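Structure first, then comments.
The values are calculated or read from the model by the stated rules, or taken from the named source; none is laboratory data. Quick caveat: nothing in here was measured; it's all calculated off a predicted structure. Every residue, glycine among them, receives a Cβ derived from its backbone with ideal geometry; neighbour counts consider all protein chains shown.
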Amino acid sequence: MTSSLADGFTEHARSRPAAPALIWQAEAISYGELDEMRTSAGADLARLDLPLDRPVGIRAKKSPEAIALVLACLTARRPFLLPSIELASDTLEALFAQAGASRVLTPDLQPDGSVGVQAAEVADDGVCEWPPASTDVSFMLTTSGSTGLPKIVPLAPGAVEHFIAWAAERFDIRPGATVANYAPLNFDLCLLDIWTTLTCGGCVALVDQDRATNGGYLAALLADHEVNVVQAVPMLYRLLIDVAREDGRTFPDVRHVLTTGDKMPASTLQELPGLFPNARFYNIYGCTETNDSLMHELLLNDGEVPANIPIGQPLPDVDARIQTEDGEVVEGDGVGELLVWTPFQTQGYLKSALNDGKFATYPNAAGDDRRYFRTGDIVRRHEDGSITLEGRSDFYVKVRGARVSTQVVEQAIQEHPDVIEVAVVAVPDELAGARLHALVRREPDSKLNSLSLRKHCTSRLARTEMPSSIEIETDPLPKTSTGKIDRKRCLPREQGAQANG
Amino acid sequence: MDDTTKIKQFIVEEFMPDVPVEDLDSDYDLLTGGVVDSLGLLKVVAWLETEFDIGVDDSELGPESFRTVDAINEFVQKARATSNAD
């Protein structure tokens, strides 16, 4: 039985108005208070008298008032585009125009605690792709596309509800549970952290985006508010480990630790059981288009620290298909591109022309036709059925004619015990086509140098996979606003301006 | 300074400036280790020609002569012997 997000929230606001809904800047905001914020934002939104058959844009940084505005849109059944506010303003304008947004809304917290709505006009010089084939849409998220305009991913309310039902049951998200939210508001991860939690009566401990790399702040948030569920990219765990190293603290209240979005280094992984003594650990695989698709539970307490963590098994009702470049299904063990179909997935990009080559219909194991999403991830299915990530198909580069995955190279380097994190990037090269550059962060007290690292890699990598240049630092690698390694900024300095990674 | 040390110093400065010279063993496989690639090979040859005043014939430019510091040193000694004999 699924209930809509807005209905679930309303139900908890009525039955348990004093229960905490959000933790923000160390203060609790109750369900009753958040409901009042939603109601005031909804009233202001209604006053704008915007056409009902068009979406709105939301331009807002994570905050209680931004969450109230999203709830107001959900309650009014108004589709909304929620892009990253970090995007360039021209990009945002183009996205809002493509979505056919009637206005771009920004929440405005009033001194009395109510939420006003500021509405900006949308430039009408962009190409509008609204409406999609199915207008049954609530959230519209964007992909973090590395090139060109991010793609708009509309989600049907039913798909979101289906996901919420799964996540709530799987991670015990219910009244009394506190869930940390590390990702920015526009991320699909928020469908679990924020939106499942508010539908199910739990409390969301919101990480302030401006302090997302402050380990002391993050550790205090988790400990002070007795957080039970944490979902984040590996960077968060690395920051917490560094804090724990100083003061020896642990997080005994955390029951579920979810890692996603980036490969978890073994050096981080092996310290997790000490940090979270009562938690279960999961590696989750998903895309914005499909939401969470596969999951692997890590049995870290039994000493299992695999070099290459499996991405796991398909979630219940999810179909996974591995196929070769020619479209042949890989049965049993083998390597190929991963295609997934989930009950949580989008019907397709808003700009339908982008669907060609990304969605394809095949029968699943039971013979039912499924519209699979091509993830672009190359995976290996092992004899025991577990699936590991080999790399992104778009991380493959040609080095002296050979097809090389920069992620395979990263994996090999990461296996060195003194390596904290690594990025391998392809630098365009007239002779070789591309040459590989590795930027490595070593443990501060290690003597790792490029020669000892090469010796470590020799048995693990083919000659063409060996980086041409290796730069070793003790500083953290450049990160994007979402905590993933920013590979464009890992290029050798003299190449940064001209290469596109 | 002997020739082996000179070669080591050049390799380290040019291709792995973060490494202490004494860490580089004279029998370390520079090619398999990816220290010297085809472009690097050209740099090594250009340096050898200047540093040791030897001529390197393109036709004898096989990578095997440059696989290790020892191999490069051997190549230099041979080239010197040849030019002295001329």
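Among (1) more than 19 Å from the chain's Cα centre (by Cα); (2) small (G, A, S); (3) surrounded by fewer than 19 Cβ atoms within 10 Å (Cβ to Cβ), which single condition is A:G336 missing?
A:G336 satisfies all of (1) more than 19 Å from the chain's Cα centre (by Cα); (2) small (G, A, S); (3) surrounded by fewer than 19 Cβ atoms within 10 Å (Cβ to Cβ) except (3).
Restricting to segment B:14-71, count the residues that are part of a helix (DSSP H, G or I), of a type in the set (D, E) and either touching a Lys or Arg at 6+ places or on another chain (Cβ under 9 Å) or crowded, with 19+ Cβ neighbours inside 10 Å (or both).
3
Residue-wise test of (1) within 16 Å of A:I387 (Cβ to Cβ); (2) without any contact (Cβ under 8 Å) to a residue 40 or more places away in the chain.
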position: A:A232; (1), (2): no, no
position: A:M235; (1), (2): no, no
position: A:I241; (1), (2): no, yes
position: A:L269; (1), (2): no, no
position: A:P273; (1), (2): no, yes
position: A:L299; (1), (2): no, yes
position: A:I309; (1), (2): yes, no
position: A:G312; (1), (2): yes, no
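Which members of segment A:407-419 meet the condition of being within 14 Å of chain B (Cβ to nearest Cβ) and of a type in the set (V, I, T)?
Listed by number, the residues that qualify are A:V409, A:I413.
Identify, please: which residue in segment B:1-13 is among the aliphatic types (A, V, I, L, M) and not in a loop (DSSP other than H, G, I, E, B) and is, among those, farthest from the other protein chains (Cβ to nearest Cβ)?
B:I7
Can you confirm whether segment A:396-405 contains a residue that is in contact with a Phe, Trp or Tyr (Cβ under 9 Å, 6 or more places away or on another chain), surrounded by fewer than 15 Cβ atoms within 10 Å (Cβ to Cβ) and more than 13 Å from chain B (Cβ to nearest Cβ)?
The answer is yes; a qualifying residue exists.
Considering only residues that are surrounded by fewer than 17 Cβ atoms within 10 Å (Cβ to Cβ) and of a type in the set (S, T, N, Q), which ones fall in segment A:102-143?
A:Q110, A:Q118, A:S134, A:T135, A:T143
Which of the numbered conditions does A:D242 fail, given that it passes all the others? Conditions: (1) at pLDDT 95 or above; (2) outside any strand (DSSP E or B).
So A:D242 meets the others, but not (1).
If you scan segment A:319-328, which residues turn out to be in a strand (DSSP E or B) and either touching a Gly at 6+ places or on another chain (Cβ under 8 Å) or at pLDDT below 90 (or both)?
Passing the criteria: A:I322, A:Q323.
For A:L453, work out the one condition from (1) within 22 Å of A:K263 (Cα to Cα); (2) within 14 Å of chain B (Cβ to nearest Cβ); (3) surrounded by fewer than 20 Cβ atoms within 10 Å (Cβ to Cβ) it doesn't fulfil.
Single failed check for A:L453: (3).
Residues of segment A:462-491 being under 15 Å from A:E421 (Cα atoms), within 14 Å of another protein chain (Cβ to nearest Cβ) and not in a loop (DSSP other than H, G, I, E, B), which ones?
Hits for segment A:462-491 are A:I470, A:E471, A:I472, A:E473.
How many residues, within segment B:14-39, are without any contact (Cβ under 8 Å) to a residue 40 or more places away in the chain and facing chain A (nearest Cβ under 7 Å)?
Count: 11.
Scan segment A:420-436 and give yes if some residue there is in a helix (DSSP H, G or I) and either more than 14 Å from chain B (Cβ to nearest Cβ) or touching a helix residue (DSSP H, G or I) at 6+ places or on another chain (Cβ under 8 Å) (or both), otherwise no.
Step one: filter segment A:420-436 for residues in a helix (DSSP H, G or I), giving none.
Checked against the condition, which is being in a helix (DSSP H, G or I) and either more than 14 Å from chain B (Cβ to nearest Cβ) or touching a helix residue (DSSP H, G or I) at 6+ places or on another chain (Cβ under 8 Å) (or both), segment A:420-436 yields no hits at all.
Output yes when any residue across segment A:172-179 is touching a helix residue (DSSP H, G or I) at 6+ places or on another chain (Cβ under 9 Å), free of Cβ contacts under 8 Å to residues at least 40 places away in the same chain and within 24 Å of A:D35 (Cβ to Cβ), and no when none is.
Yes, segment A:172-179 contains a residue that is touching a helix residue (DSSP H, G or I) at 6+ places or on another chain (Cβ under 9 Å), free of Cβ contacts under 8 Å to residues at least 40 places away in the same chain and within 24 Å of A:D35 (Cβ to Cβ).
What pairs come out if I take residues in segment A:373-386 that are at positive phi and pair them with residues that are part of a loop (DSSP other than H, G, I, E, B) and surrounded by fewer than 18 Cβ atoms within 10 Å (Cβ to Cβ) whose C-beta lies under 8 Å away, six or more apart or interchain?
none
Counting only residues that are more than 10 Å from chain B (Cβ to nearest Cβ) and more than 31 Å from the chain's Cα centre (by Cα), which one in segment A:437-450 is surrounded by the fewest Cβ atoms within 10 Å (Cβ to Cβ)?
Checking each candidate, the answer is A:D445.
Taking A:V424 and the conditions (1) closer than 29 Å to A:V153 by Cα; (2) surrounded by 21 or more Cβ atoms within 10 Å (Cβ to Cβ); (3) not assigned by TED's automatic domain parsing to the domain that holds A:G336, which numbered condition does it fall short on, given that it satisfies the others?
(1)
Inspect all residues belonging to segment A:192-206 and state whether any of them is in a helix (DSSP H, G or I) and in contact with a Ser or Thr (Cβ under 9 Å, 6 or more places away or on another chain). Steps first, please.
At the first step, the residues of segment A:192-206 found to be in a helix (DSSP H, G or I) are A:192-199.
Add one more test, that the residue is in contact with a Ser or Thr (Cβ under 9 Å, 6 or more places away or on another chain), and what stays is A:197, A:199.
Yes.
Return yes or no: is A:Y349 in a strand (DSSP E or B), at pLDDT 95 or above and in contact with a strand residue (DSSP E or B) (Cβ under 9 Å, 6 or more places away or on another chain)?
No: the conditions fail for A:Y349.
Would you call A:A18 assigned to a helix (DSSP H, G or I) and modelled with pLDDT of 95 or more?
No.
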